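Worksheet: the structure to be examined is printed underneath.
The values are calculated or read from the model by the stated rules, or taken from the named source; none is laboratory data. What you are looking at is a predicted structure, and each value in this text was computed from that prediction instead of being measured. Don't worry about glycine lacking a Cβ; one is built from the backbone with ideal geometry, like all the others, and counts go over all protein chains shown.
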Ligand code: HEC
Ligand code: HEC
């Protein structure tokens with residue numbers, strides 16, 4: 001029995017409607033990610049190897065904030081340590097590449113970093129294939145996503161200046177071999193040696209400010225001070241310009257108060273760090289699953305084999321047939337790269353509701369549509385409009401890359417239909433990546449299938465394609481078995497486990 005017969009698509013010699021759909025599922029290995037014009041290091045083996053080390057390094061992460069995305073306190077647990085603890089989270093903490101790039105460490109529906117996310121983790125495996133990144137699509141490249149997560153006050157909680165200093169201290173040779181000189185040509189110990197307890201620089205003999213480690217500031221005005229040229233911590237604040245010492249700006253607004261040319265040097269290093277990490281992620285590809293092996297054997301030899309169980313084959317038929325999953329989970333990665341509302345409500349600890357975002361609330365406002373997290377794609381596209389690290393921006397290696405331009409200009413004032421939509425996740429490795437859905441409300445694949453079987457929950461604007469499926473228990477089992485057949489073969493162990501890393505010096 002050939003592929004068509006095996007899947008129940010061979011209708012009297014004509015190719016049934018399921019055939020092309022299955023071919024798209026079946027055109028699988030080897031999967032090669034699209035060329036990323038915005039990152040010229042993506043295919044560079046040295047950058048990939050460097051990125052592997054950065055991926056496991058805990059030195060880029062900051063201190064526990066123990067707040068959620070709306071600034072509400074998070075208990076311990078599910079926090080990762082008392083407020084103020086230096087957590088040493090790495091990308092691998094929440095994206096274990098030996099387990100489909102998933103988060104097995106968070107003790108909640110959502111992911112827990114220095115604070116609590118508003119959503120569950122998504123896998124890093126296969127992320128190089130994305131059209132847009134994150135559940136709500138607010139980034140348009142793999143490296144821009146890394147810039148966001150590294151400084152996120154609920155996730156890694158680091159800063160671009162911390163990244164600079166960790167690279168100077170632990171990775172300068174590897175960095176410089178790929179990206180050229182670091183702007184800091186002295187050691188972390190040298191910098192520490194000139195610092196006073198208040199973070200300013202000690203003056204040398206005759207009151208001289210130790211250049212180039214420190215800079216004289218405010219010459220020509222009354223206040224003259226000697227400060228580190230590259231402070232140990234700092235990221236852009238919420239108010240433009242220098243608010244020196246402000247308690248509401250990160251680290252007393254240390255980054256915004258730096259010389260503009262030095263800020264640019266730091267940004268370049270920060271982007272290079274992200275491009276190396278993205279290069280590593282480009283190699284994390286799930287392939288050669290039992291499902292792939294079954295389909296390949298059918299395709300080539302026209303014979304069935306024992307790659308997967310009969311139950312899983314029945315599930316594959318349902319997936320492309322009566323259950324209509326393929327409407328959205330299409331193509332080799334089982335995603336249409338689009339965004340839909342499949343009736344997943346905003347519920348569970350730390351998952352923000354629209355009511356929690358009233359008019360005038362600084363952190364989110366669903367009345368005026370300012371950072372309205374529960375609106376998913378709508379919110380993501382509104383943030384993408386002003387993202388400084390886009391493919392068409394000056395940090396891209398090819399600003400003429402207009403492959404995502406159609407997302408930049410979407411008119412959000414009229415776009416009711418974009419609200420409460422979330423990205424269709426790819427389903428490769430899905431059995432390894434619980435919890436499920438953007439809110440993480442399901443722990444098992446059976447619960448997800450049950451969700452679709454009852455037509456989802458009543459969420460305003462739910463996609464009309466999501467209707468009760470009336471599957472019996474056996475059919476539910478079959479869909480679960482099919483989903484479980486999508487785990488890729490293990491990747492080389494040395495590539496997906498922690499390499500040896502330089503010791504960490506506290507800043
Ligand atoms: C505390 C846990 C945590 C840490 C640490 C973390 N992430 Fe994530 N990651 C998440 C969560 C949660 C999401 C989904 C966020 C969203 O959609 O808003 C995510 C999303 C992603 C995605 C997007 C996948 C997609 O399909 O759009 C990639 C890629 C990724 N992370 C890579 C990284 C890298 C690289 C690092 C290290 C620099 C990192 N993450 C650190 C939790 C984490
Ligand atoms: C209308 C488009 C659409 C259809 C039809 C659809 N899905 Fe989904 N699927 C999505 C979207 C969008 C999400 C994420 C939803 C969210 O988080 O709010 C999702 C999430 C999932 C997840 C969770 C994956 C993860 O990593 O969290 C699984 C598993 C899944 N779908 C399987 C199925 C199955 C099985 C079917 C058929 C019974 C199906 N889907 C039908 C769009 C669809």
Residue within segment 406-421 that is farther than 21 Å from residue 136 by Cα and within 16 Å of ligand 2 (Cβ to nearest atom) present: no
Give me the residue from segment 107-122 that is farther than 15 Å from residue 352 by Cα and at pLDDT 95 or above and, out of that set, farthest from ligand 1 (Cβ to nearest atom). 114
Residue 387 fails exactly one of the following numbered conditions: (1) farther than 30 Å from residue 405 by Cβ; (2) in contact with a strand residue (DSSP E or B) (Cβ under 9 Å, 6 or more places away or on another chain). What is the number of that condition? (1)
Residues located in segment 221-253, provided they are touching a residue at least 60 places away in the same chain (Cβ under 8 Å) and out of contact with any strand residue (DSSP E or B) (no Cβ under 9 Å at 6 or more places or on another chain): 230, 231, 233, 234, 235, 250, 251
The condition from (1) in contact (Cβ under 8 Å) with a residue 24 or more places away in the chain; (2) closer than 30 Å to residue 147 by Cα that residue 321 misses is numbered (2)
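Scanning for something at pLDDT 90 or above, out of contact with any strand residue (DSSP E or B) (no Cβ under 8 Å at 6 or more places or on another chain) and assigned to a loop (DSSP other than H, G, I, E, B), does segment 52-63 turn up at least one residue? I'd like the intermediate steps shown before the answer.
Going through segment 52-63, the residues at pLDDT 90 or above turn out to be 52-63.
Add one more test, that the residue is out of contact with any strand residue (DSSP E or B) (no Cβ under 8 Å at 6 or more places or on another chain), and what stays is 52-60.
Those still in the list that are assigned to a loop (DSSP other than H, G, I, E, B) too: 57.
So far as segment 52-63 goes, yes, one or more of its residues are at pLDDT 90 or above, out of contact with any strand residue (DSSP E or B) (no Cβ under 8 Å at 6 or more places or on another chain) and assigned to a loop (DSSP other than H, G, I, E, B).
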Considering segment 82-95 alone, what residues qualify as being within 13 Å of the chain's Cα centre (by Cα) and either more than 6 Å from ligand 1 (Cβ to nearest atom) or outside the structural domain of residue 166 (by TED's automatic domain parsing) (or both)? 90, 92
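Mind checking which helices (runs of 4 or more DSSP H) fall wholly inside segment 405-507 and carry at least 2 residues that are loosely packed, with under 14 Cβ neighbours inside 10 Å and within 16 Å of ligand 1 (Cβ to nearest atom)?
Details: elements: 405-408, 445-453, 473-484, 493-496.
In segment 405-507, no matching helices (runs of 4 or more DSSP H) lie anywhere.
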Quickly run through segment 325-347 and pick out the residues that are more than 10 Å from ligand 2 (Cβ to nearest atom) and closer than 20 Å to residue 31 by Cβ. 331, 332, 333, 337
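Scan 240, 254 and give me the residue that is buried (at least 21 other Cβ atoms within 10 Å of the Cβ) and either within 16 Å of ligand 1 (Cβ to nearest atom) or over 30 Å from residue 42 (Cβ atoms) (or both). Spell out the reasoning first.
On the way: 240 fails: buried (at least 21 other Cβ atoms within 10 Å of the Cβ).
Being buried (at least 21 other Cβ atoms within 10 Å of the Cβ) and either within 16 Å of ligand 1 (Cβ to nearest atom) or over 30 Å from residue 42 (Cβ atoms) (or both) holds for just one of 240, 254, which is 254.
Go over the candidates 277, 334 one by one and state the one that is touching a residue at least 60 places away in the same chain (Cβ under 8 Å), outside the structural domain of residue 123 (by TED's automatic domain parsing), within 26 Å of the chain's Cα centre (by Cα) and closer than 27 Å to residue 35 by Cβ.
On the way: 277 fails: outside the structural domain of residue 123 (by TED's automatic domain parsing).
Only one candidate passes the filter, namely 334.
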Counting only helices (runs of 4 or more DSSP H) entirely within segment 83-199, those with at least 2 residues that are in contact (Cβ under 8 Å) with a residue 40 or more places away in the chain, within 22 Å of residue 47 (Cβ to Cβ) and away from ligand 2 (no atom under 15 Å from the Cβ) are 91-94, 142-151, 160-170, 172-179
